[in-house]
Amino acid sequence: MDKAKLSHWADQTADKIIRERGDLDVYTCASGITPSGTVHIGNFREIISVDLVVRALRARGKQVRFIYSWDDYDVFRKVPVNMPKQDVLAAHVRFPITMVPDPFERDTSYARHHEVDVESRLPIVGIHPEFLYQADRYRSGMYAQGMKTALQNRDKLKEILNRYRDEAHQMTEEYWPVSVFCDSCNRDTTEISGWDGDWGLSYSCECGHAETVDLRTSKGVKLGWRVDWPMRWHHEKTVFEPAGKDHHSQGGSFDTAKHVSEEVYGWPAPVSFRYDFIGIKGTPGKMSSSKGKVVDLDDVLRVYQPEIVRYLFAGTRPNTEFVISFDLDVIKIYEDYDKTERIAWGIDTAKNEEVLEKERRIYELSQVDRMPPSISYQVPFRHLCNLLQTNDGNIDAVIDSLPDVRADQIERLRTRCQCAWYWITECAPEEFRFSLRKDGSRADLSGAALEAIIQIRDTVLPKMDSVDEKTLSEMVYAVATDCALESKALFTATYQALIGKDQGPRLANFMKIIGKDRLEHILSVYTVAGCN
């Protein structure tokens, strides 16, 4: 690949992986999450970060295995507040997540419900990993040897885990790298009582049950997180996996996992980087699935086209904290993407070659599956919102009103319309919203304001189709002069007559959007004629 392509962080990471791990038949890149609740957009940052690096490796002709692990064998610790049937879920606290029932009664388990929500959405943004379900893998005996290796090295593991602990927090008691879900009550309220040095592990539970199980056939034994993670790096031959800044903190789980992977399992820790948290505009603190305080991918896709969802992440370095906005910032984000697209297609000129390469690469990585055959039909988001509101959300009418839309642009344009209409109706501030008066109602106007509205109807509208927007604006200002009315007062009267508000979109452009026929119909209810 051209060295210029190293302008993007995903390509820089791919280059680092190849340099550090050499020429491999397959490069395994990993991501994963515990489905403890709604998988939020902060979790999504990890998987799209991996996807971008995967794409960069494939652009270099490399064979890549992209795995996404569902840690559905983790313990269900807490009932999120945004879930129904709180009492049912509370009765399953300390169970493995895969054994908690789905409170929505849609899927086979609580874990599966959240997995399906993500798996059904990822293809919309062009992400297609191989999903691994850790409950199935543990219960199948796939990790029996990995657990045995950990038990054989438990003193070494204890020493590694203590390296980053101060003296007051050193583990001094007997350490077991595995935990057990009780075969009788299904909870992890167990205590290991012995290991026979081979496959036999003994435990007892608070419920009174006790037994010895075989690691190769038991359905309830698993490794603790700080050992499980590096064990899987070794098992899957992972060469790249990023982690959040909490895991990448000094002495955090990545530091300990690195030593475990190299010193116990004999596998070099994968290339990694730290990704930062994502905030939601106007919402303090980080998102938490377990607390139910989340915005998920579905929420974001309602407002942003799939390409722009990808653009938000492709255009931001992973170690940079940023916010997802649902307020008026949405307009600027669409404008920024459109600018990048125009540069990528050579419509706008970048200020230098470096910027051109960077913007083009961000655009390429923002596309869902492949480069589109043509540039999008670019309707500025603000203007599109005005078109939609003028047409009561009728997307077909809006598309039909636009000139020269090509067949290969319609799908992307329709998606933008759907996102814009959702944003208008669900997210936009009240002052941004409007609807035309079409029910024969009239604004409470009198005196010069009323006379000006009638003059606009009778003298300006008949000529508006034959003049451009600038001339139309001058004609409206002339009416204010004729009627001895301040221009601001004329605008207020006109917006009141059209939409029942004191302000609205830029007036001349707005009148062009509405069209002469509809304007004449709306203003036909005003009957007093003449100006003083």
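The values are calculated or read from the model by the stated rules, or taken from the named source; none is laboratory data. In this text, all values refer to a predicted model and were calculated from it rather than measured experimentally. When we count neighbours, we look across all protein chains shown, and the Cβ atoms used for this are built from the backbone with ideal geometry, even at glycine.
Could you please tell me which pairs satisfy a Cβ distance under 7 Å, a separation of 6+ or placement on different chains, a first residue in the range 407-432 that is aromatic (Phe, Trp, Tyr), and a second residue that is not in a helix (DSSP H, G or I)?
Trp421/Gly393
Okay, residues lined up against (1) hydroxyl-bearing (Ser, Thr, Tyr); (2) part of a loop (DSSP other than H, G, I, E, B); (3) at positive phi:
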{"position": "Ile333", "(1), (2), (3)": "no, no, no"}
{"position": "Lys351", "(1), (2), (3)": "no, yes, no"}
{"position": "Leu356", "(1), (2), (3)": "no, no, no"}
{"position": "Glu359", "(1), (2), (3)": "no, no, no"}
{"position": "Asp369", "(1), (2), (3)": "no, yes, no"}
{"position": "Pro372", "(1), (2), (3)": "no, yes, no"}
{"position": "Arg382", "(1), (2), (3)": "no, no, no"}
{"position": "Asp404", "(1), (2), (3)": "no, yes, yes"}
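Might you let me know whether the range 333-351 holds any residue that is under 20 Å from the mean Cα position of the chain (by Cα), modelled with pLDDT of 95 or more, surrounded by fewer than 17 Cβ atoms within 10 Å (Cβ to Cβ) and assigned by TED's automatic domain parsing to the domain that holds Arg416?
There is at least one residue in the range 333-351 that is under 20 Å from the mean Cα position of the chain (by Cα), modelled with pLDDT of 95 or more, surrounded by fewer than 17 Cβ atoms within 10 Å (Cβ to Cβ) and assigned by TED's automatic domain parsing to the domain that holds Arg416.
Being within 18 Å of Cys185 (Cα to Cα) and either part of a loop (DSSP other than H, G, I, E, B) or aliphatic (A, V, I, L, M) (or both) is the filter here; which residues of the range 218-229 pass it?
If we filter the range 218-229 for residues that are within 18 Å of Cys185 (Cα to Cα), which is where we start, we get 218-222.
Within the range 218-229, Ser218, Lys219, Gly220, Val221 qualify.
If you check Lys488, Lys463, Lys470, which single one turns out to be exposed (fewer than 13 other Cβ atoms within 10 Å of the Cβ), over 27 Å from Ser401 (Cα atoms), among the basic types (Lys, Arg) and not assigned by TED's automatic domain parsing to the domain that holds Pro380? Show your work before the answer.
Numbers: Lys463 fails: over 27 Å from Ser401 (Cα atoms); Lys470 fails: over 27 Å from Ser401 (Cα atoms).
Every option except Lys488 fails the conditions.
What do you reckon, is Phe95 among the aromatic types (Phe, Trp, Tyr), out of contact with any Lys or Arg (no Cβ under 7 Å at 6 or more places or on another chain) and either buried (at least 16 other Cβ atoms within 10 Å of the Cβ) or closer than 24 Å to Leu301 by Cα (or both)?
Numbers: among the aromatic types (Phe, Trp, Tyr): yes; out of contact with any Lys or Arg (no Cβ under 7 Å at 6 or more places or on another chain): no; either buried (at least 16 other Cβ atoms within 10 Å of the Cβ) or closer than 24 Å to Leu301 by Cα (or both): yes.
Spelling it out, it is not the case that Phe95 is among the aromatic types (Phe, Trp, Tyr), out of contact with any Lys or Arg (no Cβ under 7 Å at 6 or more places or on another chain) and either buried (at least 16 other Cβ atoms within 10 Å of the Cβ) or closer than 24 Å to Leu301 by Cα (or both).
Please state which one of Val239, Val213 is at pLDDT 95 or above, surrounded by 15 or more Cβ atoms within 10 Å (Cβ to Cβ), touching a Pro at 6+ places or on another chain (Cβ under 9 Å) and not in a helix (DSSP H, G or I). Working first, answer last.
Details: Val213 fails: touching a Pro at 6+ places or on another chain (Cβ under 9 Å).
On inspection, the qualifying residue turns out to be Val239.
I'd like the full set of residues that are at pLDDT 95 or above and either in contact with a helix residue (DSSP H, G or I) (Cβ under 7 Å, 6 or more places away or on another chain) or exposed (fewer than 15 other Cβ atoms within 10 Å of the Cβ) (or both), limited to the range 220-236.
Hits for the range 220-236 are Val221, Lys222, Leu223, Val227, Trp229, Pro230, Met231, Trp233, His234, His235.
Of (1) aromatic (Phe, Trp, Tyr); (2) touching a Pro at 6+ places or on another chain (Cβ under 9 Å); (3) in contact (Cβ under 8 Å) with a residue 60 or more places away in the chain, Phe76 satisfies all except one. Which?
Of the numbered conditions (1) aromatic (Phe, Trp, Tyr); (2) touching a Pro at 6+ places or on another chain (Cβ under 9 Å); (3) in contact (Cβ under 8 Å) with a residue 60 or more places away in the chain, the odd one out for Phe76 is (3).
If you take the residues in the range 174-206 that are touching a Cys at 6+ places or on another chain (Cβ under 6 Å) and not in a loop (DSSP other than H, G, I, E, B), which one is farthest from Thr98 (Cα to Cα)?
The selected residue is Cys205.
Condition check ((1) basic (Lys, Arg); (2) at pLDDT 95 or above; (3) under 24 Å from Met231 (Cα atoms)) across all residues:
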{"site": "Asn43", "(1), (2), (3)": "no, no, yes"}
{"site": "Ala59", "(1), (2), (3)": "no, yes, no"}
{"site": "Lys62", "(1), (2), (3)": "yes, yes, no"}
{"site": "Phe66", "(1), (2), (3)": "no, yes, yes"}
{"site": "Pro80", "(1), (2), (3)": "no, no, no"}
{"site": "His92", "(1), (2), (3)": "no, yes, no"}
{"site": "Ile97", "(1), (2), (3)": "no, yes, yes"}
{"site": "Asp102", "(1), (2), (3)": "no, yes, no"}
{"site": "Arg106", "(1), (2), (3)": "yes, yes, no"}
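Quick one: in the range 233-259, which of the residues that are among the charged types (D, E, K, R) and touching a strand residue (DSSP E or B) at 6+ places or on another chain (Cβ under 7 Å) is farthest from Gly197 (Cα to Cα)? First the steps, then the outcome.
The first filter runs over the range 233-259 and keeps only residues among the charged types (D, E, K, R), leaving 236-237, 241, 245-246, 255, 258.
Next, only the ones that are touching a strand residue (DSSP E or B) at 6+ places or on another chain (Cβ under 7 Å) stay: 236-237, 241, 245.
Values: Glu236: 25, Lys237: 27, Glu241: 33, Lys245: 37 Å.
Taking the candidates together, the pick is Lys245.
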